[in-house]
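Chemist: The structure under discussion is supplied below as structure tokens; questions concerning it will follow.
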Amino acid sequence: MRCLIWSVLGVVVLGCQPEVVAVGVGLAPNIVAFGAACAYPDSTAARNCLADFVIEANACSLVAPLRLTMGAQPFEGEWRRCGPSEPEWGEDEAIRYPKDFVLLGIPGAANPVLALSNRDDPGIAWLLALNPIETGENGAMALEVIRRYSGTGGMMEWCILDIDDNRTLGCWEWPSDLETRARALLVSDETFNRGFLLSRGSGGQAATRLVREDGTIHLWRPVAAIGDPNCCPSRGELRAVFHAANRMVTLVSLTRVGPEEE
């Protein structure tokens, strides 16, 4: 449902797959690792890996420039994309997928502190949105990273990327008991065949922001009868409201809605 942070050989790695994101520990403006083959900062292999990444990224179209301040540290970068904005059938009857590249660094530093891409396997997931958001007073900000997965289940994942008090880049914490509390609202012949999704925007349009202006997050999750296909869950949905503040996401409410109320 969301991206996670873990440490690999002294390099903090963000993402659902180890090869998609790497950030420098403590925001040091030196070389960062990209992928398991380049997991040693300041190594020749890591530098070559990052150089290749930048060359490939610069050949793609600019989606959006990035400018934000996290932990009183200014950052700037770019989101670039090769291919379509969402999967589509090509003239050769093969599916074309978006290939995303994100670089984020400290102004004036030689190398970025974050490199994000789905280039190794773009058919698994792609970026739905990348949103700088305000998180408090004095211009404090974070970066929403929202990814969409292939398939009929509509799976999504997200991370509110920020800097902690130790000057390390990581995702905000979510309630660890959310899945347990959600399943407690099911009856014996029901199940989930999808994860939580972003609540729909106005006019039923797909939402592309996680945290709303009032600091709340609104998610929904379809409820299926056992045996329902992924496309057509028949038992209504769960609606969850969260509050996001101080690098923590807390659950405000979790309610069950029947199919007649959707």
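The values are calculated or read from the model by the stated rules, or taken from the named source; none is laboratory data. All values reported here derive from a predicted model rather than from experimental measurement. Every residue, glycine among them, receives a Cβ derived from its backbone with ideal geometry; neighbour counts consider all protein chains shown.
Chemist: If you scan the range 66-100, which residues turn out to be in a loop (DSSP other than H, G, I, E, B), of a type in the set (D, E, K, R) and touching a residue at least 24 places away in the same chain (Cβ under 8 Å)?
Modeler: Start the filter on the range 66-100 by keeping residues that are in a loop (DSSP other than H, G, I, E, B), which leaves 71-72, 83-87, 90-94, 97-98.
The next check asks that each one be of a type in the set (D, E, K, R); those that pass are 86, 91-93.
Passing the criteria: only 86.
Chemist: I'd like to check something: does the range 44-65 contain any residue that is at pLDDT below 90 and assigned to a loop (DSSP other than H, G, I, E, B)? Break it down stepwise before answering.
Modeler: Applying the first criterion (at pLDDT below 90) to the range 44-65 yields 44-57.
If we keep only those that are assigned to a loop (DSSP other than H, G, I, E, B) as well, we get none.
No; the residues of the range 44-65 include none that is at pLDDT below 90 and assigned to a loop (DSSP other than H, G, I, E, B).
Chemist: So in the range 144-168, with the set limited to residues that are closer than 17 Å to residue 86 by Cα and among the β-branched types (Val, Ile, Thr), which one is surrounded by the fewest Cβ atoms within 10 Å (Cβ to Cβ)?
Modeler: 152
Chemist: One residue is enough: does the range 177-193 have a residue meeting the conditions in contact with a His (Cβ under 7 Å, 6 or more places away or on another chain), of a type outside the set (Val, Ile, Thr) and closer than 20 Å to residue 238 by Cα?
Modeler: No: zero hits.
Chemist: Same structure, new question: Looking at (1) surrounded by fewer than 16 Cβ atoms within 10 Å (Cβ to Cβ); (2) at pLDDT below 75; (3) outside the structural domain of residue 80 (by TED's automatic domain parsing); (4) at negative phi, which is the only condition residue 110 fails?
Modeler: All conditions are met except number (3).
Chemist: Please tell me if residue 179 is exposed (fewer than 15 other Cβ atoms within 10 Å of the Cβ) and either among the basic types (Lys, Arg) or under 18 Å from residue 156 (Cα atoms) (or both).
Modeler: When the stated conditions are applied, residue 179 passes them.
Chemist: Please work out which one of (1) more than 27 Å from residue 130 (Cβ to Cβ); (2) at pLDDT 90 or above is the condition residue 239 fails and give its number.
Modeler: (1)
Chemist: Just checking, how many residues over the range 233-248 are buried (at least 18 other Cβ atoms within 10 Å of the Cβ), hydrophobic (A, V, I, L, M, F, W, C) and over 14 Å from residue 214 (Cβ atoms)?
Modeler: Residues flagged as buried (at least 18 other Cβ atoms within 10 Å of the Cβ), hydrophobic (A, V, I, L, M, F, W, C) and over 14 Å from residue 214 (Cβ atoms) within the range 233-248 amount to 2.
Chemist: Check off (1) surrounded by fewer than 20 Cβ atoms within 10 Å (Cβ to Cβ); (2) over 23 Å from residue 244 (Cβ atoms); (3) modelled with pLDDT under 90 for residue 115 and give me the number that stays unchecked.
Modeler: For residue 115, the failing item is (1).
Chemist: Go through (1) surrounded by 13 or more Cβ atoms within 10 Å (Cβ to Cβ); (2) over 29 Å from residue 162 (Cβ atoms); (3) modelled with pLDDT of 90 or more one by one and return the number of the condition residue 193 breaks.
Modeler: (3)
Chemist: Please work out which residue is surrounded by the most Cβ atoms within 10 Å (Cβ to Cβ), limiting yourself to the range 249-262 and to residues that are out of contact with any Asp or Glu (no Cβ under 9 Å at 6 or more places or on another chain) and among the hydrophobic types (A, V, I, L, M, F, W, C).
Modeler: Of everything passing the filter in the range 249-262, 254 is surrounded by the most Cβ atoms within 10 Å (Cβ to Cβ).
Chemist: A further question on this structure: Which one of these does residue 101 not meet: (1) within 22 Å of residue 139 (Cβ to Cβ); (2) surrounded by 21 or more Cβ atoms within 10 Å (Cβ to Cβ); (3) of a type outside the set (A, V, I, L, M)?
Modeler: (1)
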